[in-house]
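Asker: Following this message is one structure expressed as structure tokens.
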């Protein structure tokens, strides 16, 4: 009698374990692997660096956010212009952007949802120090040629004449050799590349003061609560500040 009672119990346990395994396998298959890009221009120091050991602020930050949120992701390296195209077409699932860079129409695009703020960024009109006095007002660039990065958003690029370069590095080089008089560039890349090329730059008017956020295709917006909780945890623990400080401590602010 004992033998007969044990066999059904063992059989039941085996069925339970099998069902548990199958359930976990199905859930794993259902969880999407989100594709993303944060390379910017490819010379987007300190936000992105082509170095696997020290890849920059955004790769390290996104990795930690998604690990905490238990979201599987895969980075896809793309030039800036193609990143925008792929995101709109659904070939990638998210990028990182400041909504303040966008036109009102693009801000209201229902294809996308936004995470909580990662950190703040500042974008300026930048020129050589010898001519910076004439670029202290945003209106000064109206109808003027302005150095920009190919594929980047500029909320007011209908006001000036875009002169596209491939990267922030090239913007600073162009200033130094007087190929362009003024550029729009984030403060940190401007300072970094100016030091690398010994370019005597100075800051004019603030072009945008914004907050970097994860821009997620709206079909994945159910993941935002987990992503936002992960961002909050990284902020509260000091991990986010530690990542930023790691890459900005050598930039002459």
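Taken together, the values in this text are just the output of simple stated rules run on the coordinates, not laboratory data. Since the structure is predicted, the reported quantities are computational estimates derived from the model, not experimental observations. Glycine gets a Cβ as well: all are built from the backbone with ideal geometry, and neighbour counts include every protein chain shown.
Asker: What angle do you read, to the nearest 10 degrees and between 0 and 90, between the alpha-carbon axis of helix 187-197 and the longest principal axis of the chain?
Answerer: Taking the Cα atoms of the chain, the angle to 187-197 is about 60 degrees.
Asker: By counting other Cβ atoms within 10 Å of each Cβ, how are 117, 250 ranked from fewest to most?
Answerer: 250, 117
Asker: Sticking with this structure for a sec: Using the beta-carbon distance between residue 131 and residue 211 and R0 = 51 Å, what value does 1/(1 + (r/R0)^6) give for FRET efficiency, to the nearest 0.05?
Answerer: 0.95
Asker: Further, regarding this structure: Assuming R0 = 22 Å, what is the FRET efficiency of residue 120 and residue 246, from their Cβ-Cβ distance, to the nearest 0.05?
Answerer: Efficiency computed from Cβ-Cβ geometry: 0.80.
Asker: How many nm is it between the label spots at residue 100 and residue 221, if each spot is 7 Å from the Cα in line with the beta carbon?
Answerer: Calculated label separation equals 2.4 nm.
Asker: Angle, helix 57-69 long axis vs. longest principal axis of the chain, Cα atoms, 0 to 90°, nearest 10?
Answerer: Taking the Cα atoms of the chain, the angle to 57-69 is about 20 degrees.
Asker: Another one. Take the Cα pairs of the chain, get the Kirkwood Rh, then feed it into Stokes-Einstein at 20 °C and 1.002 mPa s and tell me D in µm²/s.
Answerer: Approximately 105 µm²/s, per Stokes-Einstein.
Asker: Residue 140 versus residue 235, label points 7 Å from Cα toward the beta carbon: distance in nm?
Answerer: 3.4 nm
Asker: Give the relative contact order (percent, whole number) for the stretch 121-210; include only Cα pairs under 8 Å separated by 6+ residues.
Answerer: Relative contact order for the stretch 121-210 comes out at 49 percent.
Asker: Return 156, 93, 70 ranked ascending by Cβ neighbour count within 10 Å, so the fewest neighbours appear first.
Answerer: Least crowded to most crowded, the residues run 70, 156, 93.
Asker: Expected output is a single nm value to one decimal: the length gained when fully extending between residue 111 and residue 166, i.e. 0.36 nm times separation in residues minus the C-alpha distance. What is it?
Answerer: 17.1 nm
Asker: Kindly express, to the nearest 10 degrees and within the range 0 to 90, the angle between helix 2-30's C-alpha long axis and the longest C-alpha principal axis of the chain.
Answerer: So the inclination is approximately 20 degrees.
Asker: Whole angstrom only: what separates the Cα centroid of the stretch 148-208 from the Cα centroid of the stretch 70-136?
Answerer: Distance between centres, Cα-based: 16 Å.
Asker: If Rh is defined by the Kirkwood formula over all Cα pairs and Rg also comes from Cα, what ratio Rg/Rh do you get for the stretch 121-210?
Answerer: Expressed as Rg/Rh, it is 0.91.
Asker: Continuing with the same structure: Under a plain spin-label model, where a point goes 7 Å from the Cα along Cα-to-Cβ, how far apart in nm are residue 178 and residue 196?
Answerer: Between residue 178 and residue 196, the label points sit 2.5 nm apart.
Asker: At a threshold of 8 angstrom on Cα-Cα distance, excluding pairs fewer than six apart, so keeping six or more, what relative contact order does the chain reach in percent?
Answerer: Reported as a whole number, the value is 26 percent.
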